[in-house]
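All of the numbers you see were taken from the coordinates with simple rules; none came from a lab. Remember, it's a predicted structure, so these values are computed and weren't measured experimentally. Here the Cβ positions follow ideal geometry from the backbone for every residue, glycine too, while neighbour counts run over all protein chains shown.
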Amino acid sequence: MKKRMSFHSKLMLLELALVIGFFAVFAAVCLRIIISAHQISEKNVRLTNAIIAVENAAECFKAGKDPIIFYDGDWNPAEESEAAYILEHDFNSQDGFSTVKIKVRDEKGGEIFSLTVNSLKAAGQ
């Protein structure tokens, strides 16, 4: 003798499938939001560290010292071959007035942050 599935059992299975489908859609949306938030957070950490590096370099120029040029992925000083971030500067001096444009870029060449520093005396004096 075969047992037949009643109407209520079929309805319960359909309801269960719909609930699982809704949870799957909501889980996908939440996962997308979490991934976007993580990417934004990483971008902000990079920007914050770049700002700190540029400000340190500006203070070095004003003090007449050489700044750190190469940084690894964790923003520690590194050799050129290990560099993930590179600090570049353009120095101009006219009539006792110095201008230095400092920028940080990643290894792909994308600029992260730049700053222009003006000083009344030439750097290194």
*Among the GluC sites (Glu not before Pro) within segment 31-79, which fall in a DSSP loop and have no more than 15 other Cβ atoms within 10 Å of their own Cβ?*
GLU79
*Can you give the convex hull volume per residue for the Cα atoms of the chain, as a whole number of Å³?*
147
*What's the angle, to the nearest 10 degrees (0 to 90), between helix 7-63's Cα axis and the longest principal axis of the chain?*
10
_Among GLY96, VAL45, ILE68 - extreme Cα towards positive end, dipole of segment 12-119, charges at beta-carbon_ = VAL45
*Let me know the charge dipole size of the chain about its Cα centre in debye, to the nearest 20, where only the beta-carbon of Lys, Arg (+1) and Asp, Glu (-1) is charged.*
1360
*Would you kindly state how much longer the chain becomes between VAL25 and LEU11 on full extension, computed as 0.36 nm times their sequence separation minus their alpha carbon distance, in nm to one decimal?*
2.9 nm
